[in-house]
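The values are calculated or read from the model by the stated rules, or taken from the named source; none is laboratory data. Model, not experiment: these values are computed from the prediction. Neighbour counts are summed over all protein chains in view; Cβ atoms, including those assigned to glycine, are modelled from backbone coordinates with ideal geometry. The accessibility values were calculated without ligands, DNA or RNA, using every heavy atom of the protein model including side chains. Shrake-Rupley method; radii C 1.70, N 1.55, O 1.52, S 1.80 Å.
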Amino acid sequence: MYVHFLVVIGDTRKYLSCLITLKCKVDQESGLATNELEEKAVKWCNSVAPGSNPVTIEDFKQKKLLQKAIQKGLERANKITKANPCKVQKFTILPEELSVQGGELGPTLTLKRHAITTKYQNLIYKLYFNY
């Protein structure tokens, strides 16, 4: 799998969920990540869902088989976990990679949880209150 970052959310919540970013190409001039998937990520997607050929993160999110592949990976990880509160119940794919320029990462690429939860609060809300 070509996941770049996985941020677990769950403090003061009923269950754990996670935000996932996929590995994307970097613009050579600006040094910023684009929303275009890396070639290796596209190859992996085609191995899981032949003919899917996702180019962008949005393409990836529209393919049910690719979403199921991530779900299966989470289920494998959850089998290792002994306690139910430690199991990830839901996930979402973020529309862009986390970055220093976006304010979600520090200069040493450490996650800034407060910035991430603030920026993606609507997506997090949908994970817990999806009506």
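Within region 68-85, restricting attention to residues that are closer than 15 Å to Ile20 by Cβ and touching a residue at least 12 places away in the same chain (Cβ under 8 Å), which residue is most open to solvent (accessible area, probe 1.4 Å)? Of everything passing the filter in region 68-85, Gln71 is most open to solvent (accessible area, probe 1.4 Å).
Go through region 50-109 and report how many residues are assigned to a loop (DSSP other than H, G, I, E, B), over 22 Å from Asn130 (Cβ atoms) and within 14 Å of the chain's Cα centre (by Cα). Steps first, answer last, please.
Step one: of region 50-109, the residues assigned to a loop (DSSP other than H, G, I, E, B) are 50-55, 63, 81-83, 87, 94-104, 106-109.
Still in the list and also over 22 Å from Asn130 (Cβ atoms): 50-55, 81-83, 97-104, 106-109.
Now restrict to residues that are within 14 Å of the chain's Cα centre (by Cα): 97-99, 104.
Matching residues across region 50-109 total 4.
Pick from region 1-44 the residues that are among the small types (Gly, Ala, Ser) and either surrounded by fewer than 18 Cβ atoms within 10 Å (Cβ to Cβ) or closer than 24 Å to Val88 by Cα (or both): which of them is modelled with the highest pLDDT? Taking the candidates together, the pick is Ser17. The set of residues in region 96-110 that are under 22 Å from Lys61 (Cβ atoms) and exposed (fewer than 15 other Cβ atoms within 10 Å of the Cβ) is empty. Here the condition is being open to solvent by less than 60 Å² (accessible area, probe 1.4 Å), of a type in the set (S, T, N, Q), more than 22 Å from Leu109 (Cβ to Cβ) and at pLDDT below 90; of Ser52, Ser47, it holds for Ser52 alone.
Pairing residues of region 41-55 that are more than 14 Å from Lys68 (Cα to Cα) with residues that are open to solvent by less than 20 Å² (accessible area, probe 1.4 Å) and of a type outside the set (A, V, I, L, M), at Cβ distances under 8 Å and at least 6 apart in sequence or on separate chains, gives Ala41/Cys24; Val42/Pro54; Asn53/Cys45; Pro54/Cys45; Pro54/Phe60.
Val88 satisfies every condition listed in (1) at pLDDT below 90; (2) surrounded by 15 or more Cβ atoms within 10 Å (Cβ to Cβ) except (1).
Restricting attention to region 111-120, the residues that are open to solvent by less than 80 Å² (accessible area, probe 1.4 Å) and either under 22 Å from Glu58 (Cα atoms) or among the small types (Gly, Ala, Ser) (or both) total 5.
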